[in-house]
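Asks: Below is the structure I would like to discuss, written out as structure tokens.
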Amino acid sequence: MKITALMVLKCNPEGSDPVILANASDVNHFGYFQRSSVKEFMVFVGRTVAKRNPPGQRQSVQHEEYKVHSYNRNGLCAVGFMDDHYPVRSAFSLLNQVLDEYLKNFGESWKTVQSDNAQPWPYLNEALAKFQDPAEADKLFKIQRELDETKIILHKTIDSVLERGEKLDSLVEKSSDLSAASQMFYKQAKKTNSCCTIL
């Protein structure tokens with residue numbers, strides 16, 4: 001999963017091209033001589049997607065193995081270039097955080113900007129590096145991944161108990177936690193299920 005670029009743009013309601021307020025990209029995985037062309041192409045695509053994204057909406061555009069995610073919050077638009085494997089919910093969570101941080105740093109000053117800003121915004125470069133892991137952008141994704149890892153560990157633990165030569169049947173018979181009725185239910189269920197297995 002990779003984020004290639006993040007942009008913040010001012011979308012003009014009169015239909016003119018959006019103005020780039022902040023831009024950060026990581027094109028190191030491209031060939032040296034391709035990098036400037038890739039950056040220019042991302043600026044072109046970022047403007048095009050932002051221009052066609054109505055205020056208050058989120059949209060994703062697929063291009064080959066990349067997705068361009070865009071969130072237009074009342075004229076202030078964040079655009080992210082991610083590979084196809086980056087989770088969509090994490091991408092929009094990241095774009096939302098970028099817009100929040102931009103408004104916290106610059107307030108409403110973006111509304112008066114008329115031309116592209118060449119000044120780097122350090123937060124955007126930090127976000128580009130930090131959010132390469134989608135779990136950083138989306139806390140629910142992080143929790144789900146931790147639960148999946150826990151589930152894998154539990155499955156390994158049960159398997160390792162059974163690998164030591166103990167059979168579940170013998171454990172049920174030895175268990176003092178199960179009443180005679182529960183043990184009988186287990187044996188009856190096992191017998192009923194065994195008649196249906198195809199040998």
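Asks: Apply the Karplus curve 6.51 cos²θ - 1.76 cosθ + 1.60, θ = phi - 60°, to the phi angles in the stretch 77-82 and return the couplings in whole Hz, x for Gly and Pro.
Replies: 10, 10, 10, x, 9, 10
Asks: Same structure again: Which whole-number percent of Cα pairs in the stretch 5-86 have a distance greater than 21 Å?
Replies: So the pairs more than 21 Å apart make up 25 percent of the total in the stretch 5-86.
Asks: Can you flag which of Lys51/Lys111; Lys67/Lys111; Lys39/Lys104; Lys10/Lys39 are past 23 Å Cα-Cα?
Replies: Lys67/Lys111; Lys39/Lys104
Here, each number is a calculation from the coordinates, and none is a lab measurement. Please read all numbers here as calculations on a predicted model, not as lab measurements.
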